[in-house]
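*Asks:* First the structure, then my questions, so here it is.
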Amino acid sequence: MIVEDRYFISDLKEKRKLISLAPSSKFILYLLKQRGPLNRNEILSKTLLPKRTVAYALKGLQEQNFIKKYKDKKDKRISIFESNV
């Protein structure tokens, strides 16, 4: 499997924020970067992380503006997460 280097952050402050993330948060951010927008259940099935860990990671990534959250167009109950980086 070839992994593309899609992380290019020129701002030192942003790099520090990225480095300070928990490993689970970095893993989810990497997954969103590689696979594109995913909902919470897709993230859970692909990472095999506990629900609470995923919820905490997604909340932290949102607060630091690494990801954005929006509603699914077909089903408004489902939230979709997408990388901003």
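*Asks:* Name the residue that is surrounded by the most Cβ atoms within 10 Å (Cβ to Cβ), counting only residues in region 53-85 that are at pLDDT 95 or above, within 11 Å of residue 39 (Cβ to Cβ) and basic (Lys, Arg).
*Replies:* 69
Quick grid of which residues meet (1) of a type in the set (D, E, K, R); (2) in a helix (DSSP H, G or I); (3) at pLDDT below 95:
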| position | (1), (2), (3) |
| --- | --- |
| 5 | yes, no, yes |
| 9 | no, no, yes |
| 21 | no, no, yes |
| 32 | no, yes, no |
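*Asks:* Inside region 47-74, can you point out the residues that are farther than 13 Å from residue 26 by Cβ and part of a loop (DSSP other than H, G, I, E, B)?
*Replies:* 48, 50, 65, 72, 73, 74 - these are the residues of region 47-74 that are farther than 13 Å from residue 26 by Cβ and part of a loop (DSSP other than H, G, I, E, B).
*Asks:* I'd like to check something: does region 42-62 contain any residue that is over 12 Å from the mean Cα position of the chain (by Cα) and at positive phi?
*Replies:* Yes - at least one qualifying residue is present in region 42-62.
*Asks:* Tally time: how many residues in region 35-52 are surrounded by 13 or more Cβ atoms within 10 Å (Cβ to Cβ) and in contact (Cβ under 8 Å) with a residue 24 or more places away in the chain? Quick ask: steps written out before the conclusion?
*Replies:* Residues of region 35-52 that are surrounded by 13 or more Cβ atoms within 10 Å (Cβ to Cβ), as a first pass: 37-40, 42-44, 46-47, 49.
Narrowing the set further to residues that are in contact (Cβ under 8 Å) with a residue 24 or more places away in the chain leaves 37-40, 43, 49.
Residues that pass the stated criteria total 6.
The values are calculated or read from the model by the stated rules, or taken from the named source; none is laboratory data. These figures come from a predicted structure and were not determined experimentally. When we count neighbours, we look across all protein chains shown, and the Cβ atoms used for this are built from the backbone with ideal geometry, even at glycine.
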